[in-house]
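Asker: What follows is a structure written as structure tokens; I'll ask about it next.
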Amino acid sequence: DAGVIQSPRHEVTEMGQEVTLRCKPISGHNSLFWYRQTMMRGLELLIYFNNNVPIDDSGMPEDRFSAKMPNASFSTLKIQPSEPRDSAVYFCASSPGQYYSPLHFGNGTRLTVT
Amino acid sequence: TQLLEQSPQFLSIQEGENLTVYCNSSSVFSSLQWYRQEPGEGPVLLVTVVTGGEVKKLKRLTFQFGDARKDSSLHITAAQPGDTGLYLCAMKQGAQKLVFGQGTRLTINP
């Protein structure tokens with residue numbers, strides 16, 4: 001079984017550029033989560049979707065961040081324009097959606113903004 | 001202010017020693033999950049605890065949920081280098097949202 005697939009694994013970009021991170025959740029999972037991990041702040045929830053609908057985006061830092069889930073098998077997280085403080089590892093996770101279900105994480109995208 | 005406090009933040013011990021790490025909150029957990037994360041990978045679920053006072057064992061790992069469901073501990077017996085990683089506890093907020101602690105970064109030296 002393929003797990004959660006994220007691309008790219010690494011992204012290096014210059015300040016001001018647009019960055020798009022991609023995620024393919026596990027087939028059949030109806031909840032999808034985007035997290036950001038840094039040494040200082042740990043693992044922070046940015047946004048999550050249920051049945052492709054955004055439920056809670058209160059963790060999205062500011063308007064430069066946007067996320068979409070056009071269908072059950074694909075989601076994107078976009079940063080425009082990017083800033084050096086956006087440098088972090090971004091994780092996508094999916095879940096079957098039952099209350100005690102675990103999250104299944106991808107291997108993350110390491111973003112460096114110079 | 002962190003909703004979940006994990007301690008210690010860093011722990012480095014020798015192979016064969018025992019250790020305990022903690023996860024605490026001022027709120028009552030409906031349930032708590034423990035994850036382990038290795039370098040370059042996403043977190044992977046170890047266990048879910050639901051009932052106050054619950055104890056679960058996973059080989060050399062013992063997980064305990066406090067009676068008041070406001071704290072949890074993870075005890076590792078005879079630690080091995082393969083136990084090295086970031087240990088994260090997480091609690092549900094509402095039906096789906098999962099909030100993580102900062103983690104304990106564990107290093108087991110051969």
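Asker: How much net charge surrounds B:PHE100 when only other residues with a Cβ under 14 Å from its Cβ are counted (Lys, Arg +1; Asp, Glu -1)?
Answerer: +4
Asker: Using a Förster radius of 30 Å, what is the FRET efficiency between B:VAL44 and A:MET15 based on their Cβ-Cβ separation? Nearest 0.05, please.
Answerer: 0.35
Asker: Return the FRET efficiency for the residue pair A:ASN107, B:LEU58: r is the Cβ-Cβ distance, R0 is 25 Å, and the value is rounded to the nearest 0.05.
Answerer: 0.65
Asker: Let me ask something additional. So for the pair B:THR107, A:ALA2, with labels modelled 7 Å out along Cα→Cβ, what separation do we get in nm?
Answerer: The answer from the label model is 3.7 nm.
Asker: Quick one: A:HIS29, A:HIS104, A:HIS10, fewest Cβ neighbours within 10 Å first, how do they rank?
Answerer: A:HIS10, A:HIS29, A:HIS104
Asker: Order by neighbour count: B:THR51, B:THR104, A:THR38, fewest other Cβ atoms within 10 Å first, most last.
Answerer: B:THR51, A:THR38, B:THR104
FYI, it's all coordinate maths here, none of it is from the lab. Quick caveat: nothing in here was measured; it's all calculated off a predicted structure. Heads up, the Cβs are rebuilt from the backbone with ideal geometry, glycines too, and the neighbour counts pull from every protein chain shown.
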